[in-house]
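Here the structure is laid out as structure tokens; the discussion comes afterwards.
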Amino acid sequence: MSNMEELRYLTDVANDPALEAARRKFKKGIKRLKKKLKRGTRKSSVLKTKKIWQRQISGNAIIGYEQFDPELATVVVVSVRPEKFGGDIVVIDGQHTAIMDIIGGCDHDHDTLELHHAEDATLEEVLEAEARLYKSLNTQIKKLSKLDIIRVDIFLEEQYAVLFETILKTCRVNLDNIGCPEGTPVKGTGARMIKTIEQYGEDYSSYIVGAVNFIRDTWGSEENPMTEIRDDLIHGLTTLFVFLDKAGKVAGGSAYGLNGKKAKLLSWMKLEMGKQSMRKWVNNTAGGNTQFKIVHKIIEEYNFWAEENAPTLTITSSYLHENGILDPNIFYDLSDGNQKAARKRIPTFPADIIG
């Protein structure tokens, strides 16, 4: 095989028909007011990381590499801070490469791309430049998790991210070093906590706090505090508490609220739910609409009790469903026009709350 058969110039690749739209839409020239990163070399021993950016180091991934291999080592992107701020070398991207070098005791000279700052730059300008480069590298070159994006946007004082952090602090919980430093750790990746705050944070944040306090009071104590908290249960309880207050005020839902049923349910929850482990209330609720599944599970258990003790105060699953708390046992064939129309008539909760 000749080189002509094996290789292509990138200039030829760029002219492929598949890239026609990219050639039309991509702006010509270099983006203005952006500093070019400088080439350099650095030892891992001089590199530092910002606590707020430090992602979980995967020990299994490191073991999988078996040994530090310079052929596989990525270029480490760093920020070189002005001497007046200590001259620290801060890793923006490539911390796994540096960690493997350190664990392997290699003392390798890493190729770096370095962000250098003007000597008259303020500390705020330096920190913001680092944050923007970190976000750009990780969202445009490799995908950041939602939590990583929130972490940077907290520093950049994006309104939604500041609200996210404030709610976690108010709840006294800690999600991967976001929130209250000494707070109860949120179990898992925090995906449900993110979803909870996306849905309820702006208008109903007090209900999130109420859900966390209910969990802490029900399954923890001063003598035996909780060591972690489940965000799927937070999502479910927040949904339930908002629903109890807003039933009858959902566009397209029932015109009447719960009246005395609300007080009876809350009393039952306080007295009875803690007799079972948290696992009972989240079992078999994974997948879509986890929060609704948890609400239905709680109401189902309440109804078992109410049928014997307060039969006029049961809450039907159809009432929940018709007000946007979707029943996981009801399926719609969206290829059928009538069923598709019926599904569209079901409110979206909490978006359709009107008061």
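Since every read-out is calculated from the coordinates, none of them should be taken as a lab result. Predicted, not measured: the structure shown is a model, and the values here were computed from it. Using ideal geometry, Cβ is built from the backbone for each residue, glycine included, and neighbour counts are taken over all protein chains shown.
Any idea what the dipole of the stretch 38-119 comes to, in debye rounded to 20, about its Cα centre with Lys/Arg Cβ at +1 and Asp/Glu Cβ at -1?
Taking the Cα centre of the stretch 38-119 as origin, the dipole is about 460 debye.
Per 0.36 nm of contour for each residue apart, how much would the distance between Arg23 and Lys146 grow if the chain were fully extended, relative to their Cα-Cα spacing?
41.3 nm
Which of Ile298, Ile103, Ile208 moves the most in a Gaussian network model of the chain with Cα springs under 10 Å?
Ile103
Of the listed values (i) 65, 44, 39; (ii) 72, 50, 39; (iii) 79, 58, 44, grab the one calculated as Cα extents along the principal axes in Å from the structure here.
Read-out from the structure maps to (iii).
Please report the net charge: other residues with Cβ closer than 14 Å to the Cβ of Ala191, K and R +1, D and E -1.
Taking every other residue near Ala191 into account, the sum is 0.
Roughly what angle does helix 159-171 make with the longest principal axis of the chain, taking Cα atoms, 0 to 90 degrees, to the nearest 10?
On a 0 to 90 degree scale, this one is about 60.
Expressed as an acute angle from 0 to 90° and rounded to the nearest 10, what is the orientation of the C-alpha long axis of helix 95-104 relative to the principal long axis of the chain?
Roughly 70 degrees between the two axes.
Looking at the chain, send over the antiparallel percent of its DSSP beta bridges, to the nearest 5.
Details: 13 of 23 bridges.
Given both bridge residues lie in the chain, the antiparallel proportion sits at roughly 55 percent.
In debye to the nearest 20, how big a dipole does the stretch 89-233 give about its Cα centre with +1 on each Lys and Arg Cβ and -1 on each Asp and Glu Cβ?
Result for the stretch 89-233 is approximately 860 debye, rounded to the nearest 20.
With unit charges on the beta carbon (Lys/Arg positive, Asp/Glu negative), name the residue among Gly59, Tyr256, Val13 whose Cα is farthest towards the positive pole of the charge dipole of the chain.
Tyr256
Which FRET efficiency value, to the nearest 0.05, do you get for Lys51 and Thr312 by plugging their Cβ-Cβ distance into 1/(1 + (r/R0)^6) with R0 = 56 Å?
Efficiency, rounded to the nearest 0.05: 0.50.
Pop the C-beta distance of Ile62 and Asn284 into the FRET formula with R0 = 30 Å and round what comes out to the nearest 0.05.
FRET efficiency, Ile62 to Asn284: 0.25.
Compute the length gained on full extension between Thr122 and Lys84: take 0.36 nm times their separation in residues and subtract their Cα-Cα distance, giving the result in nm to one decimal.
This chain segment gains 12.7 nm when fully extended.
Can you work out the FRET efficiency for the pair Ala251 and Thr41, with r the C-beta to C-beta distance and R0 = 56 Å, to the nearest 0.05?
Calculated value: 0.35.
Rank Ala310, Gly190, Ile346 by how far each Cα sits towards the positive end of the charge dipole of the chain (+1 on Lys, Arg Cβ; -1 on Asp, Glu Cβ) and give me just the farthest.
Value computed over the given set: Ile346.
Would you mind telling me which residue in Thr196, Thr184, Thr312 has the biggest mean-square fluctuation in a Gaussian network model of the chain, where springs connect alpha carbons within a distance under 10 angstrom?
Thr312
Quick one: helix 146-155 against the long Cα principal axis of the chain, what's the angle to the nearest 10°, folded into 0 to 90?
Taking Cα atoms only, the helix is inclined about 70 degrees.
Given the options Asp93, Asp120, Asp16, state which has the largest fluctuation in a GNM of the chain using a 10 Å cut-off (strictly under) for Cα springs.
It is Asp16.
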